[in-house]
Amino acid sequence: MIVCVCNALSEERCREAACSEECRTVGCIYRRLGANVQCGRCLSTMTEILYEEQDRRAAAASAARRDKLPARA
Ligand code: FES
């Protein structure tokens with residue numbers, strides 16, 4: 001699915017960019033993909049993608065921490 005028509009950015013590429021640890025803002029997604037916001041119609045979808053990927057990263061980090069805890073007897 002194309003998320004940003006102006007820059008021809010697919011959802012897959014946007015999610016890959018949003019997955020990066022350093023990517024904490026929507027603007028970072030565009031920069032990582034070498035794009036600029038033009039009409040702005042994609043901003044709400046891009047924000048959803050960013051939040052979903054941040055939640056996914058947080059859940060993975062939490063699971064990794066949980067796996068390192070000693071087992072309870
Ligand atoms: S659809 Fe993304 S800037 Fe226009």
Expected 222 nm ellipticity per residue - DSSP helices of 4 or more, -39500 (n - 2.57), all of the chain, to 500
-18500 deg cm²/dmol
I need Val37, Val5 ordered by Cβ neighbour count within 10 Å, fewest first.
Val5, Val37
Using only alpha-carbon positions, what ratio does the radius of gyration of the chain give when scaled by 2.2 N^0.38 Å?
1.37
HN-Hα J couplings of the stretch 24-32 from phi, Karplus 6.51/-1.76/1.60, θ = phi - 60°, integer Hz, Gly and Pro as x?
10, 10, 4, x, 5, 4, 4, 4, 4
Cys in the chain lacking any partner Cβ under 4.7 Å -> Cys6, Cys14, Cys19, Cys39
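No lab work stands behind these numbers, since they all come straight from the coordinates. These numbers were taken from a predicted model, which means no experiment stands behind them. With ideal geometry, Cβ positions are generated from the backbone for all residues, glycine too; neighbour counts draw on all protein chains shown.
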